[in-house]
1. In whole angstrom, and with the biggest value first, how far do the Cα coordinates of the chain range along each principal axis?
2. Going by alpha carbons, how many degrees (0 to 90, nearest 10) lie between the helix axis of 254-268 and the longest principal axis of the chain?
3. Distances over 24 Å make up what percent of all Cα-Cα pairs in the range 202-351?
4. Using modelled amide H (1.01 Å from N, peptide plane; none on Pro or chain starts), what sits under 5 Å from the amide H of S204, excluding residues fewer than 5 places away?
5. Determine the sum of side-chain charges near A184: Lys and Arg each +1, Asp and Glu each -1, restricted to other residues whose C-beta is under 12 angstrom from that of A184.
6. Per residue of the range 131-148, in order, report the coupling 6.51 cos²θ - 1.76 cosθ + 1.60 (Karplus, θ = phi - 60°) as ³J(HN,Hα) in whole Hz, putting x for Gly and Pro.
7. Going by average Cβ neighbours within 10 Å, how do the peptides 143-154, 67-78, 94-105, 213-224 rank, with the highest at the top?
8. In terms of modelled amide H atoms, which long-range or inter-chain residues lie less than 5 Å from the amide H of V340?
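What follows draws every value from the coordinates through simple rules; no lab data is involved. Please read these numbers as outputs of a predicted model, since none were measured by experiment. With ideal geometry, Cβ positions are generated from the backbone for all residues, glycine too; neighbour counts draw on all protein chains shown.
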Amino acid sequence: MAADVPPRSSPYDLSFPALQALMDQWGEPPFRARQVWEWLYVHLADDWEQMTNLPRSLRERLAERYPLLSPPIQATRVSSDGLTRKDLLRLADGETVEAVLMRYERRRTACISTQVGCPLGCVFCATGQVGFRRNLSAGEIVAQALHFARVLGAEGGSSGRSLSHVVLMGMGEPLLNYEATVEAIRRLSDPQGFRLGQRRITLSTVGIVPEMDRLASESNPWGGPLQITLAVSLHAATDDLRNRLVPVNRRYGLDALFAACRRYFARTGRRLSFEWVLIAGVNDSPDQAEALVRRLEGLTAHVNLIPLNPTPAYDGHPSSREAITAFTAVLERRGVPFTVRLRRGTEIQAGCGQLRGSL
Ligand code: SAH
Ligand code: SF4
């Protein structure tokens, strides 16, 4: 039994059956697991001492095994309008990840990381410019969302229920850390735990085709596929251009990527999102917009256009207003729904692609 419950850095790494096994191993009655689970995911406790309906001896034992409930904040930056906050969170081994809280359109969205760094090297992305250090565990992913739920709770929301959305769009490529990412999604949407609706969770991928298929085949314990939104970081609609911007395109080219998108939609019925960083003179021509429209034919999709945010090692510029208008005119004419994303948090380097694990 002990082998099933390895000592780990975070209690959020325990699945419910693993927590049950731990309680059993420690000679606790079966209902303890549910009590602990509710303290962790419903009441968002950040100290074992708060769990007053547990015997002191159990609280002490848990505290010894898992000294830290919430990740320590190494640094925080808040935008001047107060709406965006970026925290650098320290992990048990001293690595750090960034997580961002954004408040807009009546949403309170946590943008969280799945890896320390990223191995895929998209040319304009600060995380890619740092390289890859390691995967996060499921618990380390979940802890970032709970952290912001607590922050919001402390501001007056009711026990953190005010975190409304989670986007896996921070540092790293979620589908290269597949198991931990899916476990984190299941944990956050557990109806007996944190209870975030899966429709409020977005996973952004650069397009790891086999793992997109694997994701499409996941199902919920209560039936049906996962209901999350899949966002695909596209940025170019021709292979020659995408190969240059997003090196992984040489492995999974656009034909394979869009075939996977179609399979994903057929299986889940979920509308896909496509992300497109607008870079002046690189991918903002009406020709690229036309090529994008052709690629999207027959798919139910939404396009998010994001003017390039500055990063240290890329000298591209965001598209001009005129170029954006010409690009979106094509989408409009062809009936493709799109949003031009407001630039948020750029002054605190919390914008898309600006996260690099130090402040
Ligand atoms: N690896 C995943 C998840 C990270 S999401 C992915 O790439 O989808 C990060 C999002 O920010 C992606 O859509 C990415 O393309 C975008 N991005 C990266 N660098 C950017 C930059 N400099 N300006 C604007 N958006 C950027
Ligand atoms: Fe990695 Fe995504 Fe950045 Fe590309 S955009 S380097 S996949 S984090």
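1. Principal axes ranked by extent give 67, 43, 35 Å for the Cα atoms.
2. The angle comes out near 50 degrees.
3. Details: 3745 of 11175 pairs.
Here the tail beyond 24 Å accounts for 34 percent of pairs.
4. Correct list: L168, A231.
5. Values: positive: R186, R187; negative: D13, E140, E179, E183, D190.
Local charge sum for A184: -3.
6. x, 9, 10, 6, 6, 8, 7, 4, x, 5, 6, 4, 4, 5, 5, 5, 4, 6
7. Numbers: 143-154: 22.4, 67-78: 15.7, 94-105: 19.9, 213-224: 12.8.
Most protected by this proxy first, the peptides run 143-154, 94-105, 67-78, 213-224.
8. L305
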